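The values are calculated or read from the model by the stated rules, or taken from the named source; none is laboratory data. None of these values were measured; they are calculated from a predicted model. Neighbour counts run over all protein chains shown; Cβ positions are idealised from the backbone, glycine included.
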């Protein structure tokens, strides 16, 4: 088989190491060769490059990182506080409402009657008090009667106020702005009002937005209406017990979703009781999202970085510029305006990412030398780059004989014993003496 035919059987970019050494006797000389064929064209050599970088003032910060779930800041259940028959439902699920918008109404016949009765009771009590005051003769008996009548008026006034509020409550309005996500009543349903609080908000922000509302419907045990915010959000983040002491209310937080949407928030609440998962305790930290970022959705996983320490105007250099001697001394290579280099001892502070704080030995704008290593890009079949030699002819393990030199499938011609680039595989090379 000719060498051209052999190479055509093997794709140029997938050559592999020939698994045996060919013993070649040419002109009395013996050469051992393990043929390594590269998986690509010439492999780029690894290089190192030196550059000068100015010491600069940066902001350095420390963070506590965690993950959490995005939730609306307001998630309210809204129900009638009075009993009656539903006469109108003014909204549908999916509709956006403003605070004060009418959601539904019930008939006012019963509450109006109760309000009129309360007003009559109040009027009677006031008339009785007026008579007692007119008949006051300064005696202890008169004083006692007046005091009792004043108390009766106060009770009647409270009842009248409650009855008037019930009339107003016959019209159910949205306590907050947001998106109506559930409507669980229809015209004709009978509702039984109560004064229980029903707020499903998340964290401190939702609690602050809550208000007392009725609960209960003859047609459903669910809330009659559910309203969630679409422009105010919170994130509940789990923080380990070793880190929670670093977190304070008001700390700034950098947030991001899995699709790299970034936004910000502040710590608004730190839970007092931990939860345990996989044997480790963690505390819930509520983060209130700053502003009204768009594109956020309930239940989305969020990564949070709570900034618990932040320093500005910190003098830094790339960490790669700092060398540590065996005795612990830190030095940098300082470069002057003429390019002259001197080794300078420095005192370092904290490290953040790829930057190291310099507390003594340099000033802002001083140039230091940084050496950057660039690895070779080769991906062939040999050692760590370098070159090898094609043997000048020989026999492959399957008995195929090929002469020195030949032509590759792409038309490249090479002589026997020619140089080929080394790759990054496991083969070894020797020089052919044939």
Taking the condition surrounded by fewer than 17 Cβ atoms within 10 Å (Cβ to Cβ) and either at pLDDT below 90 or touching a helix residue (DSSP H, G or I) at 6+ places or on another chain (Cβ under 6 Å) (or both), does residue 192 pass?
yes
Anything in segment 78-129 that is outside any strand (DSSP E or B) and on the phi > 0 side of the Ramachandran plot? List them, or say none.
94, 100
Based on this model, can you work out whether residue 250 counts as more than 30 Å from residue 91 (Cβ to Cβ) and either crowded, with 17+ Cβ neighbours inside 10 Å or out of contact with any helix residue (DSSP H, G or I) (no Cβ under 7 Å at 6 or more places or on another chain) (or both)?
yes
Within segment 258-283, which residues are closer than 14 Å to residue 69 by Cβ and modelled with pLDDT of 90 or more?
265
Taking the options 152, 170, 135, 182, name whichever one is closer than 14 Å to residue 81 by Cα and either over 44 Å from the mean Cα position of the chain (by Cα) or assigned by TED's automatic domain parsing to the domain that holds residue 105 (or both).
170
Does residue 53 count as over 22 Å from residue 184 (Cα atoms), in a strand (DSSP E or B), in contact with a helix residue (DSSP H, G or I) (Cβ under 8 Å, 6 or more places away or on another chain) and not assigned by TED's automatic domain parsing to the domain that holds residue 353?
yes
From 85, 102, 30, which residue is surrounded by fewer than 12 Cβ atoms within 10 Å (Cβ to Cβ) and either at pLDDT 50 or above or farther than 30 Å from residue 256 by Cα (or both)?
30
